[in-house]
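This report concerns only the one structure given below.
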Amino acid sequence: MNKVMKNAFSMLHPAVGLLYFSAVLVFSMFIMQPVCLLISLISALTNAVYLNGKRTVLFGLRFVFPTALLIIIINPIVNHAGVTILGYLPWDNPLTLESMVYGVASAVLFGSVVFWFSSFHTVMTSDKLIFLFGRVIPSLSLLLSMALRFVPRFLQEFREIRRAQKMLGNPAIGLKEKVKSGVRSLSVMLSYAMENAIETADSMKARGFGLKGRTAYAIYRMTKRDAACLIGLGITIVLLVIFRCIGAAKFRYFPSVKGNSSDIFTLLFYLLYAGIMLFPFALNIGEGLRWKLSQSTI
């Protein structure tokens, strides 16, 4: 499949991506209704697999799963709220069902937010952030773009340094040697970071960054499809907020687990929520099918 068609969502105007990820991240972090949490997690994983590939997601799970498990274990130990007491801990604090359920919900929330940020990093590249915020808040846009670029670039550089050390034929065996090897790698990384900072500063100065009246070339133009996506997302977000305000998908964890999950407004809320969460995946799949259909007619 053509790569552009595969990642059609990334081809939309940056404003669409910013609105979408702002909405899904806010919804994912503040709507802790169990069904919504599951929808958010499944959608985040689906989009991450489609955009970044299975190997990247599996690598991320190596970090997310242990952390989520730690959240599930720690929450009942430090949180004793709830009326359904299942037993008592060795230090006489109650172990409640509500705190255990809340721990699981928090772990699911954590996992979904991590993978949403993974998709955000893929779609909202540094040039898009600079395009959106460069004229309004240039310093912040530059800081955001450099921060997003910093982690993957320096991780790659660190792997190169470690590989070069191994090629020298001095494998780190034992704690002392491993510490020395780590210090050498850190020293090289700091030197590389400082050199890179000087080069970046010189490049920015040569390009006139910060000068009054400086203009910038923009490659993004708002199309009819972009406008339609913005309007559609905006309407969906407003409807979700309205449904929440009238009590749809209401749920509580304390003092007892209770919520409504079957009234008409809640069901409509679930439908809209799943629709906005899976919007990039649906768009990419739709564009892929459209591309295959156009190819078959040639």
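Descriptive notes on the structure:
- Residue match in segment 32-51 (condition: modelled with pLDDT under 90 and not acidic (D, E)): yes
- Counting the residues of segment 241-298 that are more than 23 Å from F115 (Cα to Cα) and touching a Cys at 6+ places or on another chain (Cβ under 9 Å) gives 2.
- Reported count of residues in segment 61-78, each being in contact with a Ser or Thr (Cβ under 6 Å, 6 or more places away or on another chain) and modelled with pLDDT under 90, is 0.
- Meets criteria (on the phi > 0 side of the Ramachandran plot, out of contact with any helix residue (DSSP H, G or I) (no Cβ under 9 Å at 6 or more places or on another chain) and in the same structural domain as L25 (by TED's automatic domain parsing)) for G82: no
- Pick from segment 223-241, criterion free of Cβ contacts under 8 Å to residues at least 24 places away in the same chain and of a type in the set (A, V, I, L, M), ranking: surrounded by the most Cβ atoms within 10 Å (Cβ to Cβ): A227
- Where helices (runs of 4 or more DSSP H) fall entirely within segment 1-110, those with at least 3 residues that are surrounded by 14 or more Cβ atoms within 10 Å (Cβ to Cβ), touching a residue at least 24 places away in the same chain (Cβ under 8 Å) and within 19 Å of the chain's Cα centre (by Cα) are at 14-30, 34-52, 54-78.
The values are calculated or read from the model by the stated rules, or taken from the named source; none is laboratory data. Because the structure is predicted, anything quoted here is derived from the model rather than measured. Positions of Cβ are generated from backbone atoms using ideal geometry, with glycine treated the same way; all protein chains shown enter the neighbour counts.
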